[in-house]
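The values are calculated or read from the model by the stated rules, or taken from the named source; none is laboratory data. Since the model is a prediction, treat every value here as computed from it, not as a measurement. Note that each Cβ is placed from the backbone with ideal geometry, even for glycine, and that neighbours are counted across all protein chains shown.
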Amino acid sequence: MARILIAAIGAAALMLFLGPQFITWLRRNEVGQFVRPQGMIPSGHDAKRGTPTMGGLLILFATTLPFLILSGRSTGAMLVLFATIGCGAIGFADDYRKIVSKRSLGLAARWRMLGLAGISLILATVAVKVVGIPTTLSFQFIHMSLPLGSVVYFVVVLFVVSGAANAVNLTDGLDGLAAGTCAIALLVYTGIAFVTGQKDLAMLSATLMGACVGFLWFNSFPAQVFMGDTGSYALGGAIAALAVMTKTEVLLIVIGAVFVAEALSVMVQVVVFKRYRRRVFLMAPLHHHFEMAGWSETKIIVRLWLIALIFGSIGFTLYFRSLHG
């Protein structure tokens with residue numbers, strides 16, 4: 001337990017120590033945020049244009065260094081780290097395209113999906129054939145497991161990885177919102193991995209959480225730096241891989257309820273508008289709806305953090321009860 005705590009504190013300390021120099025470097029090299037055109041975002045977001053981005057690179061560094069030094073580097077934990085860095089690389093390519101083109105349009109969706117599919121295939125294959133993860137879908141709240149074939153299981157893993165990466169990316173629209181909600185989800189996965197004796201997995205999750213907490217020092221409103229797609233894809237991939245390794249793919253719907261709500265709001269908005277030419281929300285994703293309704297940015301962030309904490313607690317309770325039920 002002490003090593004897990006030290007790793008988390010180490011990641012946060014690295015973020016706090018390196019953050020100012022990294023932000024200065026980003027500013028000097030004009031690695032700034034490009035926002036969507038007016039009308040696609042609330043008007044107040046135009047002021048965020050030019051804020052340094054790609055802070056996800058520092059999150060990855062602050063996570064990887066203490067983890068590699070302090071962990072036993074078990075196959076399962078290293079597999080999660082691979083998925084984290086792999087998804088972060090896809091996000092980096094997306095950020096890089098935006099910076100080079102000086103537009104908010106990055107890597108084409110088909111290339112992002114192809115990359116996520118490759119990561120999912122490696123994650124599923126190694127998890128099953130090397131780590132020994134069963135190809136089942138577990139429903140902790142009803143104490144039931146559904147057997148799946150290898151192909152169907154890969155589809156499930158692909159859905160979880162791509163869904164989580166894109167959902168966290170959609171959530172990353174307000175200062176500190178994605179970092180805070182990810183930190184809460186990662187705290188839950190630290191507890192889940194710890195109570196099941198997966199110490200390296202718990203350490204990696206705790207280290208990611210520590211990096212998110214340290215990042216919040218600079219990313220809280222008004223943000224000095226954004227994590228960019230590099231960070232949101234990496235954190236989404238990490239949470240998805242943790243769900244796969246702990247057999248909580250279904251329970252992730254509860255643990256990541258805010259991410260699910262953000263993604264669903266976009267899907268509902270698109271489907272209803274295409275079919276009926278009406279809008280369900282004032283603007284999607286969900287946090288923009290609340291902005292358009294007149295809520296302040298800080299109020300939205302704190303309230304969504306609280307919702308994430310409530311659902312994260314419910315998710316951990318359901319998992320813990322399934323172990324002792």
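Being part of a loop (DSSP other than H, G, I, E, B), surrounded by 20 or more Cβ atoms within 10 Å (Cβ to Cβ) and in contact with a helix residue (DSSP H, G or I) (Cβ under 6 Å, 6 or more places away or on another chain) is the filter here; which residues of the range 211-244 pass it?
225, 227
Take residue 259 and tell me if it is modelled with pLDDT of 95 or more, surrounded by 15 or more Cβ atoms within 10 Å (Cβ to Cβ), in contact with a Ser or Thr (Cβ under 8 Å, 6 or more places away or on another chain) and under 17 Å from residue 168 (Cβ atoms).
Answer is yes for this residue.
Filter the range 101-116 for residues that are surrounded by 14 or more Cβ atoms within 10 Å (Cβ to Cβ) and of a type outside the set (Ser, Thr, Tyr); which is nearest to residue 165 (Cα to Cα)?
The qualifying residue nearest to residue 165 (Cα to Cα) is 116.
One residue is enough: does the range 135-144 have a residue meeting the conditions surrounded by fewer than 17 Cβ atoms within 10 Å (Cβ to Cβ) and at positive phi?
Yes: the range 135-144 contains one or more residues that are surrounded by fewer than 17 Cβ atoms within 10 Å (Cβ to Cβ) and at positive phi.
Among what's in the range 173-206 and is of a type in the set (S, T, N, Q) and in a helix (DSSP H, G or I), pick the residue that is farthest from the chain's Cα centre (by Cα).
Checked the range 173-206; the qualifying residue farthest from the chain's Cα centre (by Cα) is 190.
How do the pairs read when you match residues in the range 125-146 that are closer than 12 Å to residue 246 by Cα with residues anywhere that are of a type in the set (Lys, Arg) and crowded, with 16+ Cβ neighbours inside 10 Å, using Cβ under 8 Å and keeping only pairs 6 or more apart or on different chains?
Within 8 Å, the pairs are 133/247; 134/247; 136/247; 138/247.
Yes/no per residue for (1) at pLDDT below 95; (2) closer than 22 Å to residue 164 by Cβ; (3) surrounded by fewer than 16 Cβ atoms within 10 Å (Cβ to Cβ); (4) not polar (S, T, N, Q):
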{"position": "265", "(1), (2), (3), (4)": "no, yes, no, no"}
{"position": "275", "(1), (2), (3), (4)": "yes, no, yes, yes"}
{"position": "278", "(1), (2), (3), (4)": "yes, no, yes, yes"}
{"position": "294", "(1), (2), (3), (4)": "yes, no, yes, yes"}
{"position": "299", "(1), (2), (3), (4)": "no, no, yes, yes"}
{"position": "305", "(1), (2), (3), (4)": "no, yes, no, yes"}
{"position": "312", "(1), (2), (3), (4)": "no, yes, no, yes"}
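Limited to the range 282-301, what total is found for residues that are aromatic (Phe, Trp, Tyr) and either in contact with a Phe, Trp or Tyr (Cβ under 9 Å, 6 or more places away or on another chain) or in a helix (DSSP H, G or I) (or both)?
1
Cβ-Cβ below 7 Å, separation at least six or inter-chain, first residue in the range 151-169 and assigned to a helix (DSSP H, G or I), second among the β-branched types (Val, Ile, Thr): which pairs?
153/135; 157/244; 160/244; 161/119; 164/239; 167/260
Looking at the range 245-273, which of the residues that are assigned to a helix (DSSP H, G or I) and of a type in the set (S, T, N, Q) is nearest to residue 184 (Cα to Cα)?
Restricting to residues being assigned to a helix (DSSP H, G or I) and of a type in the set (S, T, N, Q), the top hit is 265.
Among the listed residues 62, 8, which satisfies the condition of being farther than 19 Å from residue 92 by Cβ, modelled with pLDDT of 95 or more and surrounded by 22 or more Cβ atoms within 10 Å (Cβ to Cβ)?
8
If the Cβ limit is 7 Å and pairs must be 6+ apart or interchain, which residue in the range 1-23 that is free of Cβ contacts under 8 Å to residues at least 12 places away in the same chain pairs with which residue that is of a type outside the set (Val, Ile, Thr) and not in a helix (DSSP H, G or I)?
none
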